[in-house]
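Data block below; observations after.
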Amino acid sequence: MAIQSIRLFGDPVLRTPAAPVVDFDKELRKLVKDLTDTMMDAPGAGLAAPQIGVGLRVFTYYVDDQLGHLINPDLDLSSDVDEEGEEGCLSFPGLSFPTPRAVRAVAKGFNMHGEPVVLEGTDLMARCFQHETDHLDGILFIDRMDPKQRKLAMKAVREAEWSGLSAPVIKTSPHPTGGKAL
Ligand SMILES: [Zn+2]
């Protein structure tokens, strides 16, 4: 197990677009393992490399008992949108908010061996692909909310116990969250 500390909102790495993976090497396989271990430990439904401080286009997911990863993702989204689905983020511990997302997504990319893969998801899986790919572009779920919802979310962020912590937080016992954290 190689559990890494999860960067919290306010850390500049979460606002930095990640670079495409070029070398599908041992280091990349270690990154996928670290992401997987850290996501499962949190626990979360998804985790993107910038959330553990690595600026590469890699994410992992664990949705509907399906565990996987995707590298250099490229998304095709349905035009129908779920406006009300609750969404959380491991970089915003304990918080979840309604966040509009396309209902279906096709995610093209590569596995850690450099083989092309195509993943299809609906509902939570589609939501996860969109949330994690956004992380790779430095976009956070608060950016996807309508202005009124974003205002409520930012108020909750300011009031959160972890808000304003610049150093990595030492993990204590996990506590349940309202929505699925990604
Ligand atoms: Zn997130």
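No lab work stands behind these numbers, since they all come straight from the coordinates. A quick note: this is a predicted structure, and the numbers were derived from the prediction, not measured. Methodologically, a virtual Cβ is constructed for each residue, glycine included, from the backbone with ideal geometry; neighbour enumeration extends over all protein chains shown.
Figures for the structure shown
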{"item": "Relative contact order (percent, whole number), the chain, Cα cutoff 8 Å, 6+ residue spacing", "result": "27 percent"}
{"item": "For the range 138-145, 3J(HN,Hα) per residue [Karplus equation, 6.51 cos²θ - 1.76 cosθ + 1.60, θ = phi - 60°, Hz, x = Gly/Pro]", "result": "x, 9, 10, 4, 4, 6, 8, 7"}
{"item": "Average Cα contact separation per residue, the range 1-100, under 8 Å, 6 or more apart, as relative contact order %", "result": "27 percent"}
{"item": "Gaussian network model of the chain, springs between alpha carbon atoms under 10 Å - residue of ALA105, ALA45, ALA160 with greatest fluctuation", "result": "ALA160"}
{"item": "Spin-label model distance (nm) - ASP25 vs LYS151, 7 Å beyond Cα toward Cβ", "result": "5.1 nm"}
{"item": "Solution diffusion estimate, µm²/s, Stokes-Einstein, the range 12-159, Kirkwood Rh from C-alpha pairs, 37 °C, viscosity 0.692 mPa s", "result": "213 µm²/s"}
{"item": "Exposure proxy ranking, count of Cβ atoms within 10 Å, fewest first, for LYS180, LYS155", "result": "LYS155, LYS180"}
{"item": "Burial ordering of HIS131, HIS113, fewest other beta-carbon atoms within 10 Å first", "result": "HIS113, HIS131"}
{"item": "Neighbour-count order for ARG127, ARG150, fewest beta carbons within 10 angstrom listed first", "result": "ARG150, ARG127"}
{"item": "Value of Rg to Rh for the range 77-129 (Rh from inverse mean 1/r over Cα pairs, i.e. Kirkwood)", "result": "1.07"}
{"item": "Of the GluC sites (Glu not before Pro) in the range 1-105, those whose Cβ has at most 13 other Cβ within 10 Å and which sit in DSSP loop", "result": "GLU83, GLU84"}
